[in-house]
Amino acid sequence: MKILLHGAMMSIPHAASTPEEQAEVLRACQGDTEAFDRLVARYYRRVYTLCLSLLEDPDEAEEATQEAFWRAYRNLKRYDPSRSFRTWLLSIAAHHAIDRLRRRRARAPWSEALPAETLTPEEHLLAQEERERIRRLVGQLPPLERALILLRYWEGASYREMAQALRLSESAVKSRLFRARRALAQAYRAELATLEEPSHA
């Protein structure tokens, strides 16, 4: 998955489900608690990272992670096997984290840096600065828009999955995502313009 922002293409990988993983999910849906425990072990770090990136508080992120897995377990019978289990689980976590943000009315920045790319030594420094700039600009978005960017471009969620997770219509998801990308692009251009202004002695 890639984000194109003002000509800068940022690669963001997301893993596809394996047949073994799909079989594990099926066993969990059929009531195998040990299979679900293995899914928890497989995804715990990823869910925690998502919660931390939204909440910016390790203790609260830990609580949100536990709650996300509990909600997933209680709703296993509602899981649609045609959907990605990973995306479904992360959608539950994102929605719960956003609810927490709304309750405390905070606007915490996104703390997770984008993954490193394979670049030449000459390109690495500029790419690192670019990732940091985009990370910081994403962190300035409101929680819902931040979650939309995270789910769409980090986890590869479909519009339908995002709509279900965030309790929005697909058209609302698309329009909010468009506005979030537009805000990012405007902030990006404004920052570049500031950097390019000539200094006066």
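The values are calculated or read from the model by the stated rules, or taken from the named source; none is laboratory data. Here the structure is a predicted model, which means the values were calculated and not measured. Positions of Cβ are backbone-derived with ideal geometry, glycine not excepted, and every protein chain shown enters the neighbour counts.
Among the residues of segment 142-151, is any at pLDDT 75 or above and either farther than 24 Å from Gln186 by Cα or in contact with a His (Cβ under 9 Å, 6 or more places away or on another chain) (or both)? Scanning segment 142-151 turns up at least one residue that is at pLDDT 75 or above and either farther than 24 Å from Gln186 by Cα or in contact with a His (Cβ under 9 Å, 6 or more places away or on another chain) (or both). Among the residues examined, Ala187 does not qualify as at pLDDT 85 or above, farther than 22 Å from Ala68 by Cβ and either touching a Ser or Thr at 6+ places or on another chain (Cβ under 7 Å) or surrounded by 15 or more Cβ atoms within 10 Å (Cβ to Cβ) (or both).
Across segment 70-86, the number of residues qualifying as surrounded by fewer than 20 Cβ atoms within 10 Å (Cβ to Cβ) and part of a helix (DSSP H, G or I) comes to 7. Applying the criterion of being buried (at least 17 other Cβ atoms within 10 Å of the Cβ) and of a type in the set (Gly, Ala, Ser) to the residues of segment 128-182, the residue that is farthest from Leu101 (Cα to Cα) is Gly156. Inspection of segment 15-23 finds no residue satisfying the criterion of being surrounded by 13 or more Cβ atoms within 10 Å (Cβ to Cβ), in a helix (DSSP H, G or I) and either touching a His at 6+ places or on another chain (Cβ under 9 Å) or modelled with pLDDT of 85 or more (or both).
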